[in-house]
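Notes for the one structure printed next.
The values are calculated or read from the model by the stated rules, or taken from the named source; none is laboratory data. In this text, all values refer to a predicted model and were calculated from it rather than measured experimentally. Heads up, the Cβs are rebuilt from the backbone with ideal geometry, glycines too, and the neighbour counts pull from every protein chain shown. These accessible areas exclude ligands, DNA and RNA; they are computed on the full protein's heavy atoms, side chains included. Shrake-Rupley method; radii C 1.70, N 1.55, O 1.52, S 1.80 Å.
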Amino acid sequence: MDFFAHWGLLLAAAFVAGALNSVAGGGSFLTLPALVFTGVPPVVANATGTVALFPGYVAGAWGFREDMQPPPGLSMRVVIITSLIGGMAGAALLLVTPDAVFRKVVPWLLLAATAMFAFGPQLRAWAAKEAHPGQATSPIKGMLGMLAVAVYGGYFNGGLGILLLALFGLLGQTNLHAMNGMKNLVSALLTAIAVAIYAIGGLVQWKQALIMMIAATLGGYIGARVARKLPATWLRWGIVATGLVMAILFFMRG
């Protein structure tokens, strides 16, 4: 792949990923494959793509700052500490995962994330049905649920938002703004600690990460403006189709 095609693919993937994340999620379906297809090893590509999309999580958390409140049974301190511990554990797990193993795992992770995204509304509806509004869940169960999702997020970011919203619903949270605020806060926290560990472990290709970060931020703003004119169903199924295509390509490469 020549120089212009290489960087053109990375910039386009980051721009569209930022746009997707601003309205529906699924940006990692594009950044990870784009980096791998330009020759970046899979584990490094996963870490670099996460760094590139990190500002979006921070911006989202800041945007919902007035609405944040922890789910019943958990304090804000517990949510923050659990998110950091889980993100750290997931990132550490990625550090010790060989590229050959991660390459085999990636298509399955992409399929799982795509399925979570495709059935996100049903998953959230099920969580809301199972929840008992106003009734606090056992703090231990809540912490374990938070920890499991945070570990997943630190290891592989795809589908994280859907998992968090479903978890908050199961824990009895019903205010959608509060749920979205906490989703963005937890995503930002666990991604921050994961990025730090990726950097310490030498997993980040900074030139690609920083340039993609700029493209993703620009895409996030423009995407939010344009997406307001598009039917939500088109966006959702477009992301699902992208996830399936990327998973198939990774299966073929493996």
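Can you tell me the accessible area per residue over the chain, all protein chains present, probe 1.4 angstrom, in square angstrom?
Accessible surface, normalised per residue, equals 47 Å².
Over the range 61-172, what percent of the accessible surface lies on carbon and sulfur atoms, probe 1.4 Å?
That fraction is 71 percent.
Report, please, the projected area of the chain averaged over directions, based on the convex hull of its C-alpha atoms, in nm².
Approximately 12.7 nm², given one-decimal rounding.
How high is the relative contact order of the range 52-160, given as a whole-number percent (alpha carbon pairs under 8 Å, six or more residues apart)?
52 percent
Please list, in chain and number order, the residues 5+ apart from GLY172 or on another chain whose amide H is under 5 Å from its amide H, with Hs placed from the backbone.
Hits under the 5 Å cutoff: HIS132.
When the dipole is taken about the Cα centre of the chain, and only Lys, Arg (+1) and Asp, Glu (-1) are charged at their Cβ, what size is it in debye, to the nearest 20?
Roughly 260 debye, rounded to the nearest 20.
May I ask you to give the percent of accessible area on the range 1-54 that is carbon plus sulfur, with a probe radius of 1.4 Å?
74 percent
Need one number: nm distance between label points at THR233 and GLN122, each 7 Å from Cα along Cα→Cβ, rounded to one decimal.
The answer from the label model is 1.6 nm.
Could you tell me the center-to-center distance, by alpha carbons, between the range 174-198 and the range 60-115 in angstrom?
One Cα centre to the other: 8 Å.
At 7 Å along Cα-to-Cβ for each site, give me the label-to-label distance between LEU93 and ILE248 in nm.
Distance between the two pseudo-spin positions: 2.9 nm.
With +1 assigned to the C-beta of every Lys and Arg and -1 to the C-beta of every Asp and Glu, and no other charges, what is the dipole magnitude of the range 60-128 about the Cα centre in debye, to the nearest 20?
Magnitude of the dipole: close to 120 debye.
List the residue ranges in the chain for DSSP H helices whose C-alpha atoms run 18 angstrom or more along the long axis and whose Kyte-Doolittle average is 0.0 or above.
Qualifying helices, which must be both long enough and hydrophobic enough, are 3-23, 42-63, 76-95, 99-118, 139-155, 176-200, 206-227, 232-253.
Put one equal scatterer on each alpha carbon of the range 1-122, apply the Debye formula with no solvent term, and list log10 I(q)/I(0) at q = 0.11, 0.16, 0.22 1/Å to two decimals.
Log-scaled intensity ratios, in q order: -0.47, -0.97, -1.42.
If I model a spin label as a point 7 Å beyond the Cα along the Cα-Cβ vector, how far apart are those points for SER138 and ALA199 in nm?
Taking the simple label geometry, SER138 and ALA199 are separated by 3.9 nm.
In the chain, if the dipole is taken from +1 on Lys/Arg beta carbons and -1 on Asp/Glu beta carbons about the Cα centre, which of ALA45, LEU10, THR97 is farthest to the positive end?
With unit charges placed on the Cβ atoms, the residue in question is LEU10.
Gain in length, LEU176 to ILE222, computed as 0.36 nm per residue apart minus the alpha-carbon separation, to one decimal in nm?
So the extension gain works out to 14.1 nm.
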